[in-house]
Amino acid sequence: MVDIFAEHFRDRWFVVARSDEVGAVPIAAVAFGRPFALVRDPALGVLAFEDRCPHRGAPLSKGRFGPAGLTCLYHGWTFGADGRCRILPGASGSLPVSNIRVPVFAVCERDGLIWISGKDSNPLPQRALELDPANRRFLAQFKWAAPILEAQENFLDAQHTPFIHPGIVRNASKRAPVNAVLQRTGDGFVVDYSGQPQQTGWLFKLFESPRSSERAYFSGLSMAQIEYRYQSGWAVWLSVYFTPETATSTHVFASLHVAGRWAPSWLIRLLVWPLLKRVGRQDQFIVEQQELTRRHFPQRQHVVTELDIARPYLEAAWNGREAELPDRRECTMML
């Protein structure tokens, strides 16, 4: 994961925790195989340190946080928000304490999520910036034992829904032609689906109405989103934020935003969330089974057809080869 970390984490943002997880007691988080210590300063907000004291390598997430900074539990070394050592118990005045540092990382807190990056000069994914936090109805967190690329493709792949989510999302016996158009954007791509204003599963029948548009977004390398807009004027955004814990495990954060319709959070949690949670568990199961099979056949390559419209663009985004693909791609699929 070292090469991936150096290439992508340096200038991209990834979610590592929910806001309600991070307080005055440090916690540990792992992304790209690298451990972080997160803690909330009452004045500065959430801080992110490398989770290693430079003295003897003890985890800083097991320490304590106070006015002077984050203190290692082993020998009491204390580090300020800038990573500089402020207190070294037992040191004489001649020891250059301030030359001792622990790496710190840029942090952004938005819409109930804690994002970190190697630097703060680049913006969050565009789709995250466009969401109104007041419209958020729930926020959930999972960990999948699968690579991030497979998790992202699963969310953006419509072809599996009649089989992995039969009856909930779509029914295989009622498939109809749908036109899909992929267009590259400034920080990813968007896929427009047309020709199916009504889905055949229970989620649509119970909670939705005829749609005016259906779009799937990939934004900023770490975020994917499905947007439904309805003929009656309301809209729903199901957003998923992916962060690789290791090469074969992925943190998955999910949020649901609703605008233009009465949909209180308690009602969403009571009626909609159980079905969405089941859909998520079904996706987790198949992607984890896919990863177990891959380990038995490590040299085999996937067969990619024109129906796998997002796959080449996801691979290109992670490999830095976006320029090799056309800006637009279109296909018709049965959904």
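The values are calculated or read from the model by the stated rules, or taken from the named source; none is laboratory data. Everything quoted here is computed from the prediction, not taken from an experiment. Using ideal geometry, Cβ is built from the backbone for each residue, glycine included, and neighbour counts are taken over all protein chains shown. Calculation scope for accessible area: heavy atoms of the full protein, side chains included, ligands and nucleic acids excluded. Shrake-Rupley method; radii C 1.70, N 1.55, O 1.52, S 1.80 Å.
Values as computed for the structure displayed
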read-out: Among the residues listed as His257, His251, the single one being touching a Phe, Trp or Tyr at 6+ places or on another chain (Cβ under 6 Å) and either modelled with pLDDT of 95 or more or among the small types (Gly, Ala, Ser) (or both); value: His257
read-out: Residue match in the range 68-77 (condition: open to solvent by 50 Å² or more (accessible area, probe 1.4 Å) and part of a strand (DSSP E or B)); value: no
read-out: Checking Leu256 against (1) assigned to a loop (DSSP other than H, G, I, E, B); (2) touching a residue at least 60 places away in the same chain (Cβ under 8 Å), the condition it does not meet; value: (1)
read-out: Failed criterion for Val39 (all others in (1) surrounded by 17 or more Cβ atoms within 10 Å (Cβ to Cβ); (2) assigned to a loop (DSSP other than H, G, I, E, B) hold); value: (2)
read-out: Candidate set from the range 106-138 (those that are in contact with an Asp or Glu (Cβ under 8 Å, 6 or more places away or on another chain) and basic (Lys, Arg)); member that is surrounded by the fewest Cβ atoms within 10 Å (Cβ to Cβ); value: Lys119
read-out: Contacts under 8 angstrom Cβ, first residue in the range 262-278 being small (Gly, Ala, Ser), partner not in a helix (DSSP H, G or I), 6 or more apart; value: Ala263/Arg137; Ser265/Arg137; Ser265/Phe138
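Conditions tested, residue by residue: (1) modelled with pLDDT of 95 or more; (2) touching a Ser or Thr at 6+ places or on another chain (Cβ under 6 Å); (3) in a helix (DSSP H, G or I).
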residue: Ala81; (1), (2), (3): yes, no, no
residue: Arg86; (1), (2), (3): no, yes, no
residue: Gly90; (1), (2), (3): no, no, no
residue: Ser94; (1), (2), (3): no, no, no
residue: Ser98; (1), (2), (3): no, no, yes
residue: Val107; (1), (2), (3): yes, no, no
residue: Trp115; (1), (2), (3): yes, no, no
